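Read the structure below first, then the notes.
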Amino acid sequence: REAVQLYAAHRVPPLQVVASHAPVGAHIPGGCEYHGTYGAEWNTERIATFHRENILPLVRARPDLVALETVPRLDEAHIEARVTQECCHIPYWVSFACRDGECIGNGEDFADCVRALASDPTLSRLVAVGVNCTAPQHVLSLVSRGREALRECRAEARVALVVYANSGDEWDGVRKEWVDCAGGSGDGAAKLYAEYAEEWVAAGVRMVGGGCRVFPEHIARLKALRDRIGDA
């Protein structure tokens, strides 16, 4: 928030502070945040308690938005959203980690997840749904399916699409390191990411950012894209 205040002092377009909240799997060794298999001990009540205990400190810091992100399963997304609704009056979005151009981490259809959240009348402060922690080559298919789901439940005007994909590099879970598949922090990789982003915006995405292995060079390219085409 201090950084935003300094930025605002220069009379540039206003920024907002977004508090990031991870799924249960991000706190369990083994990478289960990508497939959502937590074990039988993680029942609905325990998952809800976990999220309540971790979301409350975030909202006390007074962010402008809460990002419920890298979610690998729909039931957990619903739990997180309902806990956030109960805990505060702050708007929030839900973004899923997806394994291909159709499915989220545990294999559920992304469009079904969008439809389920956007059509739930109890989630009145849900402002966006989308994708993060996902390879960029999968995103266009996902957002196309997501936009159609929003149309079907007549939620396009109320719920936006948000995307902040990975760079395209791949995580080696055995060696515990990133494999450079997308050019790392080079300008060629940043240019390619911005080209992907332009396609996402054309497909209806309203908010675009970057996830793992997205470097300042990528963000500079996104800034140039925004300056050229205007607000997404």
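When Arg154 is tested against (1) open to solvent by 30 Å² or more (accessible area, probe 1.4 Å); (2) touching a residue at least 24 places away in the same chain (Cβ under 8 Å); (3) within 29 Å of Asp64 (Cβ to Cβ), only condition (2) is not met.
In segment 26-47, of all residues being assigned to a helix (DSSP H, G or I) and at pLDDT below 95, the one that is farthest from Gly105 (Cα to Cα) corresponds to His27. Scanning segment 186-230 for residues that are on the phi > 0 side of the Ramachandran plot and either within 20 Å of the chain's Cα centre (by Cα) or not small (Gly, Ala, Ser) (or both) yields Gly204, Arg213.
Would you tally the residues in segment 127-147 being in a helix (DSSP H, G or I), within 14 Å of Val159 (Cβ to Cβ) and open to solvent by less than 20 Å² (accessible area, probe 1.4 Å)?
Taking segment 127-147 and keeping what is in a helix (DSSP H, G or I), we get 136-147.
Filter again for within 14 Å of Val159 (Cβ to Cβ), leaving 143, 146-147.
Right, trim to open to solvent by less than 20 Å² (accessible area, probe 1.4 Å) and you get 143, 146.
Summing the residues that are in a helix (DSSP H, G or I), within 14 Å of Val159 (Cβ to Cβ) and open to solvent by less than 20 Å² (accessible area, probe 1.4 Å) in segment 127-147 gives 2.
When you go through Gly36, Gly30, Gly25, Gly101 one by one, which is the residue that is of a type outside the set (S, T, N, Q), closer than 20 Å to Cys212 by Cβ and open to solvent by 40 Å² or more (accessible area, probe 1.4 Å)?
Numbers: Gly36 fails: open to solvent by 40 Å² or more (accessible area, probe 1.4 Å); Gly25 fails: open to solvent by 40 Å² or more (accessible area, probe 1.4 Å); Gly101 fails: open to solvent by 40 Å² or more (accessible area, probe 1.4 Å).
Unique residue meeting the criteria: Gly30.
Screening segment 48-92 for residues that are β-branched (Val, Ile, Thr) and not in a strand (DSSP E or B) and picking the one that is surrounded by the most Cβ atoms within 10 Å (Cβ to Cβ) gives Thr84.
The values are calculated or read from the model by the stated rules, or taken from the named source; none is laboratory data. Predicted model only: the values in this text are computed from it and were never measured. Neighbour counts run over all protein chains shown; Cβ positions are idealised from the backbone, glycine included. To get the accessible areas, we keep the full protein, side chains included, count just its heavy atoms, and leave off ligands, DNA and RNA. Shrake-Rupley method; radii C 1.70, N 1.55, O 1.52, S 1.80 Å.
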